[in-house]
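Participant: First the structure, which I've put down as structure tokens, then a few questions once you've had a look.
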Amino acid sequence: MTLDELKGFFLGIGERPFRASQVFKWMYAGADSFGAMTNIPAGLREALEGMAELYTLKLAAMRESSVDGARKYVFEASDGDLIEGALMQYSYGRSICISSQAGCRMGCAFCASGIDGLHRGLSAGEMADQLLIAEKDAGVKIGRAVIMGTGEPLDNFDQVRRFVEIVCDSGGLGISRRNITISTCGLIPGIRRLAKELPQVGLAVSLHSADDAVRGSLMPINKKYPIRDLKDAVREHIAMTGRRATFEYALIDGVNDSAAAAKKLAALLRGLNCHVNLIVMNRVEGLGFSGSPRKLAEDFQRILADAGIQVTIRRSLGKDIEAACGQLRLEARRAADKG
């Protein structure tokens with residue numbers, strides 16, 4: 001529940017609304033039961049146990065990188081679905097990568113997230129709990145979130161919007177909306193809705209090619225929303241929000257990493273207020289793709305930079321713990337199936 005909904009709940013059971021603020025604060029301090037909320041009267045705590053559920057995910061697995069300290073999590077939901085999250089340390093602070101769905105139906109050819117298809121969308125509470133459990137496990141405060149893990153956030157828009165409202169509430173976690181980024185494979189209606197309903201939240205678009213034929217072979221969504229239409233939607237988003245857009249580009253050896261591909265990408269993005277995040281993709285067993293060599297990634301970066309495009313090669317975190325989206329969840333599910 002949002003704080004306003006929680007106030008309505010307490011009014012409905014004859015309690016004053018300030019009880020909602022108390023419970024909300026406890027929840028986002030990490031309390032996992034009403035009994036832990038010591039400034040709530042014992043009788044009310046007992047009543048809440050009988051009429052409401054304070055649901056939390058379970059931490060099923062955690063791996064910590066010995067190279068860079070990144071932590072990869074697998075959480076288990078009450079229905080047995082496995083959910084991934086990743087906590088990363090950057091120069092500007094800690095950021096958590098959150099999943100928005102259990103599985104994914106977008107079918108991108110290079111991504112482990114969609115191998116088992118879509119099971120369901122996650123609730124706002126399940127998204128928030130990924131952050132809360134990571135904070136508790138690592139003993140740190142997390143100030144940034146990217147909804148960039150398993151699933152397509154704009155395919156679960158209502159719950160993603162609710163998640164943003166909850167974690168940005170000053171009575172809870174108080175994260176700035178400007179410190180949240182939502183990544184999409186290119187659902188144009190969702191991008192337009194994002195600009196209207198969550199204008200302060202950052203937009204990242206998984207592009208991976210400036211050529212419709214190549215992008216279509218990698219990302220089935222391109223057949224419905226081709227690159228020209230996607231560019232128009234991103235331009236509208238930039239104009240409406242005043243925020244720079246990010247394009248994510250996974251460099252795949254022999255597929256989209258040539259000098260010609262870089263020049264075509266530069267031509268596509270010229271004039272847009274955007275940043276390109278080049279990603280040397282982690283290899284996923286069974287998908288048949290490999291990341292480009294570092295030298296080739298640097299050449300690709302230089303071509304874009306020379307054309308006036310803002311570009312960086314994303315620092316690769318957690319390679320030794322299978323931190324790419326969907327990898328650890330898939331491994332855990334396969335292990336459970338064998339068991």
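Participant: Mind checking which of 248, 53, 165 has the largest fluctuation in a GNM of the chain, springs on alpha carbons under 10 Å?
Facilitator: Maximum fluctuation in the GNM of the chain, among the listed residues, is at 53.
Participant: Over the chain, what is the relative contact order in percent, taking alpha-carbon pairs closer than 8 angstrom and at least six residues apart?
Facilitator: Details: 628 pairs, mean separation 51.9, N = 339.
Relative contact order comes out at 15 percent.
Participant: Nearest 10 degrees is fine. How inclined is helix 188-197 to the longest principal axis of the chain, computing both from alpha carbons?
Facilitator: Orientation of helix 188-197: about 50 degrees from the principal axis.
Participant: Taking Cα atoms, how many degrees apart are the long axis of helix 42-51 and the longest axis of the chain, rounded to 10 and kept between 0 and 90?
Facilitator: Roughly 60 degrees between the two axes.
Participant: Report the one residue of 107, 133, 172 whose Cα lies farthest in the direction of the positive end of the charge dipole of segment 107-179 (charges on C-beta: Lys and Arg +1, Asp and Glu -1; origin at the Cα centre).
Facilitator: Working it through, the farthest residue towards the positive pole turns out to be 172.
Participant: Take the alpha carbon gyration tensor of segment 123-226, find the square roots of its eigenvalues, order them as a ≥ b ≥ c, and report rounded if a/c is under 1.5; if not, report prolate when a/b exceeds b/c, else oblate.
Facilitator: Working: a/c = 2.55, a/b = 1.93, b/c = 1.33.
Judged from the Cα gyration tensor, segment 123-226 comes out prolate (a/c at least 1.5, a/b above b/c).
Participant: A further question on this structure: How much accessible area per residue does segment 1-149 have, counting only protein heavy atoms and a probe of 1.4 Å, in square angstrom? If you can, show how the numbers build up before the last one.
Facilitator: Details: 6670 Å² over 149 residues.
Accessible area per residue: 45 Å².
Participant: Based on the Cα atoms of the chain, what semi-axes does the equivalent ellipsoid have, where each is the square root of 5 times one gyration tensor eigenvalue, given in whole Å with the largest first?
Facilitator: Working: eigenvalues 278, 100, 60 Å².
Those come to 37, 22, 17 Å.
Participant: Excluding ligands and nucleic acids, what accessible area in Å² is computed for residue 25 using a 1.4 Å probe, to the nearest 10?
Facilitator: 140 Å²
Participant: Against the longest principal axis of the chain, how steep is helix 3-12, in degrees 0 to 90 to the nearest 10, with axes from Cα atoms?
Facilitator: Long axis of 3-12 versus the principal axis of the chain: about 30 degrees.
Participant: Rg (Å, one decimal) plus Dmax (Å, integer) for the alpha carbons of segment 176-322?
Facilitator: 15.0, 41
Participant: Connecting C-alpha atoms closer than 10 Å in a GNM of the chain, tell me which of 28, 92, 225 has the biggest fluctuation.
Facilitator: Of 28, 92, 225, the Gaussian network model singles out 92 as fluctuating most.
Participant: Charges only on Cβ, +1 for Lys and Arg, -1 for Asp and Glu: so what's the dipole of segment 154-254 about the Cα centre, in debye to the nearest 20? Don't skip to the end; give the middle numbers.
Facilitator: On the way: 15 positive and 12 negative charges, 59 e Å.
Using Cβ point charges on Lys, Arg, Asp and Glu, segment 154-254 gives about 280 debye.
Participant: Please build a GNM for the chain, connecting alpha carbons under 10 Å apart, and tell me which residue among 67, 311, 167 fluctuates the most.
Facilitator: 67
Participant: Something else: Let's see if you can work this out: charge +1 on each Lys and Arg Cβ, -1 on each Asp and Glu Cβ, no other charges. What is the dipole magnitude of segment 72-141 about its Cα centre, in debye to the nearest 20?
Facilitator: Computed charge dipole of segment 72-141: roughly 300 debye.
Participant: If you don't mind, there's one more thing I want to ask. How big is the dipole moment of the chain about its Cα centre under a simple scheme where the beta carbon of each Lys and Arg is +1, that of each Asp and Glu is -1, and everything else is neutral? Debye, nearest 20, please. Mind showing how you got there, number by number?
Facilitator: Values: 44 positive and 40 negative charges, 216 e Å.
For the chain, the charge dipole is close to 1040 debye.
The values are calculated or read from the model by the stated rules, or taken from the named source; none is laboratory data. For clarity, every value in this text was computed on a predicted model and none was experimentally measured. Note that each Cβ is placed from the backbone with ideal geometry, even for glycine, and that neighbours are counted across all protein chains shown. All accessible areas refer to the heavy atoms of the entire protein, side chains included, with ligands and DNA or RNA removed. Shrake-Rupley method; radii C 1.70, N 1.55, O 1.52, S 1.80 Å.
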